[in-house]
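S.K.: The structure that follows is given in the form of structure tokens.
The values are calculated or read from the model by the stated rules, or taken from the named source; none is laboratory data. Not measured: the values here are computed from a predicted model. Cβ placement follows ideal geometry from the backbone for every residue including glycine, while neighbour counts extend to all protein chains displayed.
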Amino acid sequence: MKTTLTVTNRGAITLPARLRRALGVKADDQLIAETTPEGLLLRPAATLSIELYDERRIREFAEAEAELAQVLRRRKKPAR
């Protein structure tokens, strides 16, 4: 699908509804604009959730790592 877009004096463009529907782009979706040898590429921006760890959660990770290290040491076969 091809369409002509107009850039406003503020640099905004409007994607026609037909194009938004075809691409599954909804209000407040973020796009990444990238220059390529062929021109401008617009693609969806991936949004990933993040988790911030408090000291208690960090200790849980450390304990799990220590437990895993013990299991791996027990599994390690002695060299002959």
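S.K.: Scan Glu51, Glu60, Glu38, Glu55 and give me the residue that is in contact with a helix residue (DSSP H, G or I) (Cβ under 9 Å, 6 or more places away or on another chain) and not polar (S, T, N, Q).
M.R.: So the residue among Glu51, Glu60, Glu38, Glu55 that is in contact with a helix residue (DSSP H, G or I) (Cβ under 9 Å, 6 or more places away or on another chain) and not polar (S, T, N, Q) is Glu51.
S.K.: Show the residue pairs meeting these rules: Cβ distance below 8 Å; 6+ apart or different chains; first residue within region 1-20 and closer than 18 Å to Gly39 by Cα; second residue among the charged types (D, E, K, R) and at pLDDT 90 or above.
M.R.: Cβ pairs passing all conditions: Met1/Arg18; Thr3/Arg18.
S.K.: Could you tell me whether Leu48 is of a type in the set (A, V, I, L, M) and within 30 Å of Thr3 (Cβ to Cβ)?
M.R.: no
S.K.: Answer yes if at least one residue in region 65-74 is in contact with a helix residue (DSSP H, G or I) (Cβ under 7 Å, 6 or more places away or on another chain) and at pLDDT below 95, and no otherwise.
M.R.: No; the residues of region 65-74 include none that is in contact with a helix residue (DSSP H, G or I) (Cβ under 7 Å, 6 or more places away or on another chain) and at pLDDT below 95.
S.K.: Could you give me the residue pairs with C-beta distances under 6 Å whose first residue belongs to region 27-50 and is closer than 20 Å to Ala17 by Cα and modelled with pLDDT of 90 or more, whose second residue is surrounded by 10 or more Cβ atoms within 10 Å (Cβ to Cβ) and of a type in the set (Lys, Arg) wherever it lies, and which are 6+ apart or on separate chains?
M.R.: Here the result reads Ile32/Arg43, each pair linking region 27-50 to a residue that is surrounded by 10 or more Cβ atoms within 10 Å (Cβ to Cβ) and of a type in the set (Lys, Arg).
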